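*Asks:* Starting off with a structure, shown below.
The values are calculated or read from the model by the stated rules, or taken from the named source; none is laboratory data. Fair warning: this is a prediction, and the values are worked out from it, not measured in the lab. Reconstructed Cβ throughout: ideal geometry from the backbone, glycine too, with neighbour counts over all protein chains shown.
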Amino acid sequence: MEKVLRMDESIFDMVSRHPEVIEIMVELGFKDIAKPGMLQTAGRFMTLSKGIKLKKMDLDTVKLAFERHGFEIMK
């Protein structure tokens, strides 16, 4: 199975297909997504693109973290 994620895909959908995404996101500093209920609420409308902007993170840093875990990030 290919491990491809889209920047405009909801975090909920990403985690539904690839549960390990949550660990990678926490590692990157998105700690709130691991809180009970957050994935089912905010995770349904939050995307990777929105999260990067919200946390003022570097896109290349995020892409590298996912690539280290075997993922490819698509626009």
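*Asks:* From GLU27, GLU2, which residue is among the acidic types (Asp, Glu) and in contact with a strand residue (DSSP E or B) (Cβ under 8 Å, 6 or more places away or on another chain)?
*Replies:* From the options GLU27, GLU2, the qualifying one is GLU2.
*Asks:* Going by the conditions given, is GLU2 out of contact with any Gly (no Cβ under 6 Å at 6 or more places or on another chain), in contact (Cβ under 8 Å) with a residue 24 or more places away in the chain and more than 20 Å from LYS75 (Cα to Cα)? Break it down into steps so the answer makes sense when it comes.
*Replies:* Working: out of contact with any Gly (no Cβ under 6 Å at 6 or more places or on another chain): yes; in contact (Cβ under 8 Å) with a residue 24 or more places away in the chain: yes; more than 20 Å from LYS75 (Cα to Cα): no.
Against the criterion (out of contact with any Gly (no Cβ under 6 Å at 6 or more places or on another chain), in contact (Cβ under 8 Å) with a residue 24 or more places away in the chain and more than 20 Å from LYS75 (Cα to Cα)), GLU2 does not qualify.
*Asks:* Still on this structure, please answer the following. Looking only at the range 13-22, which residues are over 9 Å from the mean Cα position of the chain (by Cα) and either on the phi > 0 side of the Ramachandran plot or without any contact (Cβ under 8 Å) to a residue 40 or more places away in the chain (or both)? Don't jump to the end; show me each part of the working.
*Replies:* At the first step, the residues of the range 13-22 found to be over 9 Å from the mean Cα position of the chain (by Cα) are 13, 16-20.
Selection gives ASP13, SER16, ARG17, PRO19.
Here is a yes/no grid of residues against (1) touching a Gly at 6+ places or on another chain (Cβ under 9 Å); (2) over 18 Å from LYS75 (Cα atoms); (3) not basic (Lys, Arg):
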{"residue": "SER10", "(1), (2), (3)": "yes, no, yes"}
{"residue": "GLU27", "(1), (2), (3)": "no, yes, yes"}
{"residue": "PHE30", "(1), (2), (3)": "yes, yes, yes"}
{"residue": "ALA42", "(1), (2), (3)": "no, yes, yes"}
{"residue": "PHE45", "(1), (2), (3)": "no, no, yes"}
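Okay, residues lined up against (1) at pLDDT below 95; (2) basic (Lys, Arg); (3) out of contact with any strand residue (DSSP E or B) (no Cβ under 9 Å at 6 or more places or on another chain):
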{"site": "ILE11", "(1), (2), (3)": "no, no, no"}
{"site": "VAL15", "(1), (2), (3)": "no, no, yes"}
{"site": "LYS50", "(1), (2), (3)": "no, yes, yes"}
{"site": "LYS63", "(1), (2), (3)": "no, yes, no"}
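*Asks:* Also: Scan the range 24-75 residue by residue and report those that are without any contact (Cβ under 8 Å) to a residue 24 or more places away in the chain, of a type in the set (D, E, K, R) and under 14 Å from PHE12 (Cα atoms).
*Replies:* Those that are without any contact (Cβ under 8 Å) to a residue 24 or more places away in the chain, of a type in the set (D, E, K, R) and under 14 Å from PHE12 (Cα atoms): ASP32, LYS35, LYS50.
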